[in-house]
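Asks: Before anything else, here's the structure in question.
Please treat every number below as a calculation from the coordinates, not as lab data. From a predicted model like this one, the values you see are computed outputs, not experimental measurements. Note that each Cβ is placed from the backbone with ideal geometry, even for glycine, and that neighbours are counted across all protein chains shown.
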2 protein chains.
Amino acid sequence: MADPAAPPPAAASSGPIGIGVVGIGKIAKDQHLPVITSSPDYRLFATTSKSGGYPGFPCYTDIGDMLAKEPDVRAVSLCTPPQGRYELAVAAIDAGRDVFLEKPPGATLSEVEALRVRAEARGVVLFASWHSRCAPAVQPARAWIAERTVRRVQIDWREDVRHWHPNQDWVFQPGGMGVFDPGINALSIATRILPPFHLTSAELRVPANRQTPIQADLAFVLDGGAEVVMALDWLQTGPQTWDVRVETDRGVLTLHEGGQRAEVQGSDGLGPLKRGPHVEYEGLYARFAELVRRRISDVDVSPLRQLADAFTLGRRTIVDPFDW
Amino acid sequence: MADPAAPPPAAASSGPIGIGVVGIGKIAKDQHLPVITSSPDYRLFATTSKSGGYPGFPCYTDIGDMLAKEPDVRAVSLCTPPQGRYELAVAAIDAGRDVFLEKPPGATLSEVEALRVRAEARGVVLFASWHSRCAPAVQPARAWIAERTVRRVQIDWREDVRHWHPNQDWVFQPGGMGVFDPGINALSIATRILPPFHLTSAELRVPANRQTPIQADLAFVLDGGAEVVMALDWLQTGPQTWDVRVETDRGVLTLHEGGQRAEVQGSDGLGPLKRGPHVEYEGLYARFAELVRRRISDVDVSPLRQLADAFTLGRRTIVDPFDW
């Protein structure tokens, strides 16, 4: 599988990591490229895109061309949609390049497992990124919860799909994941800050003219018996809600705005956390640089596994058709 | 979580393994108990069942009672349906007993992962069994395929649900998995004999009055690019089909009857394999005895992961209502 003519995996180095970005869409322009080009950890050398690159850098239309012609590209960041990302990752791994995967790391769990095994065999670093885990209040919340016993968790993730994904029919097609497209961010936070938990039941509400859920109610049980309830709603207009409320034996912590800030009631030590800057992608790229330098992969599929469990065990209810 | 008063994990020993069987239904009576009671590797001490035990052995209605009152039960075999098996496994693990899980190992991937972590922490052996992998032709097929390049695979799993699951409504309820209840046996064979593969598309046909598919067509790609197509059908009357056809660069191998026998065309060395005896559960219990003696767990979730991928990525088509 690995091309014997490809360069060897990147060696540990203290200089900037030469990087290429694949898929120059909204998320790459808004988040990845500004972070990469302003970080001393990275040096951008090229992009691959079918719809225009990034001013001042070579743009290829095929990842194979970029990998062949840009030996300074030692790492590749894949910002394309999950469908089709597997083949791009295989090309990069087989060419001995380290790989950063946007979330979710793939369209299926089995393809991510195959990439993990392949990267290990090739000696390259693979990073399955979950940007919400780098929201500023998530790590402090994790530390606060770790010293307490969780009694109950309520997750509310309510937003307006027409605002966030206007006319993006792919989110309602098979593999688009529907309301779990934002919901997997909630799952990535929950799997980071809570003890292990697993699904006990789910109701998935699917529009009659679509394939994926527009709303979902899920019930999980935490290791130790506490209940976790989760409501996902893609029809909320007005104020948008991305909250995780964790009731413990000593106080209640609520993450707001997808982990941007935390509020603590009845705390016995830790005061309310201030709202931090929007550092999610800075945190991800700092983590990736650390992984590349230490030659360690980080492929935690637990958010995607929770999603797959919901699709496997969930009861489907057909609801009103959805049109933009 | 672990009860400090519980006995320590079973130590390696050359004598018979004291065992308790939980869930005395059709599969336990047909397969597990005859194998256990005739094997020199095991000694049955007790059962747990709400609907009658096994003649000549103590029967408890609660697993906690059995674990507390039967110190000779060093290992527990769980033959109950997947829903509810998690709590039974936790009770056994926390009581320091080794655990044999019927297939599928759980209702969700996350609960199986939680059990794996828990068993490791407690120092007990956990075995996720897949009986079809012990069908007599499966291991020879695996060895034959390993020396060849796979070009294409076709899996046909067609049976009559009215014959095999008469009036068992649970198979069509959420978590019952529908036609994947037998289909996971095909997946357990395919993940054992083939190189890694992952789903690219699936169509799930769900009766209008049910929750789980009654037919499914799946397409996978093998590591290396070969196509795997799989047809699951629960409406086949007359002859029943459980076949896996593997086309390679040097010959075609077909597993028939769920791995009971293999046929080879154009072989260059290995003759057709004879039909063997029905040794699936003998093989599973021999494997479990080996794991218990060597203190090693074996929790391969890949068949359940492939199933979860199909439920996540599959396109659902509503078909005619199904009634018994």
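Asks: Residues in the stretch B:163-180 near a label at B:Gln240, defined as backbone nitrogen under 18 Å from the 7 Å Cα→Cβ point?
Replies: Under cut-off, by backbone N: B:163-172, B:177-180.
Asks: Say a label goes 7 Å from Cα toward Cβ at A:Asp160 in every copy; what distances in nm does this one have to the rest, shortest first?
Replies: 5.7
Asks: Please compute, for peptide B:299-311, the average count of beta-carbon atoms on other protein chains lying within 10 Å of each residue's beta-carbon. Could the numbers behind the result be given before it?
Replies: Details: counts 0, 0, 3, 3, 0, 4, 8, 3, 2, 12, 10, 5, 7.
Mean shielding by partner chains, rounded to a whole number: 4.
Asks: Grab the DSSP H runs of chain B that are 4 residues or longer, score each as -39,500 (n - 2.57), total them, divide by all residues and round the 222 nm result to the nearest 500 deg cm²/dmol. Write down the numbers at each step before the final one.
Replies: On the way: 9 runs with 91 residues, N = 324.
After summing the helix terms and dividing by residue count, I get -8500 deg cm²/dmol.
Asks: If the only charges are +1 at each Lys and Arg Cβ and -1 at each Asp and Glu Cβ, what is the size of the charge dipole of the protein assembly as shown around the Cα centre, to the nearest 20 debye? Kindly include the intermediate steps, with their values, before the conclusion.
Replies: Details: 68 positive and 78 negative charges, 165 e Å.
In total the dipole reaches around 800 debye.
Asks: Provide the net charge surrounding A:Ser110, with neighbours chosen by a C-beta distance below 12 Å and charges set as Lys +1, Arg +1, Asp -1, Glu -1.
Replies: Values: positive: A:Arg116, A:Arg305, B:Arg305; negative: A:Glu111, A:Glu113, B:Asp223, B:Asp309.
Summing Lys/Arg as +1 and Asp/Glu as -1 gives -1.
Asks: What ranking of A:Cys59, B:Cys79 emerges when the number of other C-beta atoms within 10 Å of each C-beta is taken as an exposure proxy, fewest first? Mind showing how you got there, number by number?
Replies: Working: A:Cys59 17, B:Cys79 22.
Neighbour counts put them in this order, fewest first: A:Cys59, B:Cys79.
Asks: Further question: Go ahead and collect, in residue order, the members of the stretch A:103-133 whose backbone nitrogen is under 16 Å from a label point 7 Å along the Cα-Cβ direction of A:Glu290.
Replies: A:126-133
Asks: Please give the net charge around B:Val246, taking every other residue with its beta carbon less than 13 angstrom from that of B:Val246, where Lys and Arg add +1 and Asp and Glu add -1. Present the calculation step by step, with values, prior to reporting the outcome.
Replies: Details: positive: B:Arg142, B:Arg148, B:Arg151, B:Arg152, B:Arg192, B:Arg245, B:Arg250; negative: B:Glu147, B:Asp156, B:Glu227, B:Asp243, B:Glu247, B:Asp249, B:Glu263.
Local net charge: 0.
Asks: Based on DSSP H assignment, which helices of chain A show an axial Cα extent of at least 18 Å together with a mean Kyte-Doolittle hydropathy greater than or equal to -0.5? Display every interim value, and only then the final one.
Replies: Details: long enough: A:109-122 (20 Å, -0.24); A:180-193 (20 Å, 0.62); A:280-294 (21 Å, -0.59).
Once both thresholds are applied, what remains is A:109-122, A:180-193.
Asks: Taking the Cα centre of chain B as the origin and placing charges on Cβ (Lys, Arg +1; Asp, Glu -1), which of B:Pro136, B:Thr108, B:Leu313 is farthest toward the positive end of the dipole?
Replies: Sorting the options by dipole projection puts first B:Pro136.
Asks: Of A:Glu290, B:Glu159, how do they rank once you tally other Cβ atoms within 10 Å and put the fewest first? Please report the intermediate quantities before stating the final value.
Replies: On the way: A:Glu290 13, B:Glu159 22.
Going from sparsest to densest Cβ surroundings: A:Glu290, B:Glu159.
Asks: Calculated FRET efficiency, A:Glu203 and B:Thr149, Cβ-Cβ r, R0 51 Å, to nearest 0.05? Walk me through the numbers before you get to the answer.
Replies: On the way: r = 46 Å, r/R0 = 0.90.
Once the sixth-power term is evaluated, E becomes 0.65.
Asks: How many partner chain Cβ atoms sit within 10 Å of a residue's Cβ in peptide A:111-120, on average, as a whole number? Walk me through the numbers on the way to the answer.
Replies: Values: counts 9, 2, 5, 7, 1, 0, 2, 2, 0, 0.
Mean partner-chain Cβ count within 10 Å for A:111-120: 3.
Asks: Continuing with this model, one more query. Averaged across A:100-110, how many Cβ atoms of other chains sit within 10 Å of each residue's Cβ atom? Spell out each step's value before the answer.
Replies: On the way: counts 0, 0, 0, 0, 0, 0, 2, 7, 12, 11, 12.
Taking all residues of A:100-110 together, the mean is 4.
Asks: With only Lys, Arg, Asp and Glu charged, each at its Cβ (+1 for the first two, -1 for the last two), find how big the charge dipole of chain A is about the Cα centre; round to the nearest 20 debye. If you can, show how the numbers build up before the last one.
Replies: Values: 34 positive and 39 negative charges, 90 e Å.
Charge dipole of chain A: 440 debye, to the nearest 20.
Asks: Net charge around A:Pro58, counting only other residues with Cβ within less than 9 Å of its Cβ (Lys, Arg = +1; Asp, Glu = -1)? Write out the running numbers ahead of the final one.
Replies: Numbers: positive: A:Lys69; negative: A:Glu70.
Overall, the nearby charge balance is 0.
Asks: What is the total of Lys pairs in the stretch B:17-128 with C-alpha atoms under 17 Å apart, excluding same-chain pairs fewer than 8 positions apart? Each step should come with its number before you reach the end.
Replies: Numbers: B:Lys26/B:Lys50; B:Lys26/B:Lys103; B:Lys29/B:Lys50; B:Lys29/B:Lys103.
Taking the Cα cut-off of 17 Å, the pair count is 4.
Asks: Let me ask another. Once you have the Cα-Cα distance between A:Glu282 and A:Ala121, take 0.36 nm times their residue separation minus that, and quote the gain in nm to one decimal. Could the numbers behind the result be given before it?
Replies: Numbers: separation 161, 0.36 × 161 = 57.96 nm, distance 2.89 nm.
So the chain would gain 55.1 nm between A:Glu282 and A:Ala121.
Asks: Further question on the same structure: So for each of B:202-209, A:185-192 I average, over its residues, the number of other beta carbons within 10 Å; can you give me the resulting order with the highest mean first?
Replies: A:185-192, B:202-209
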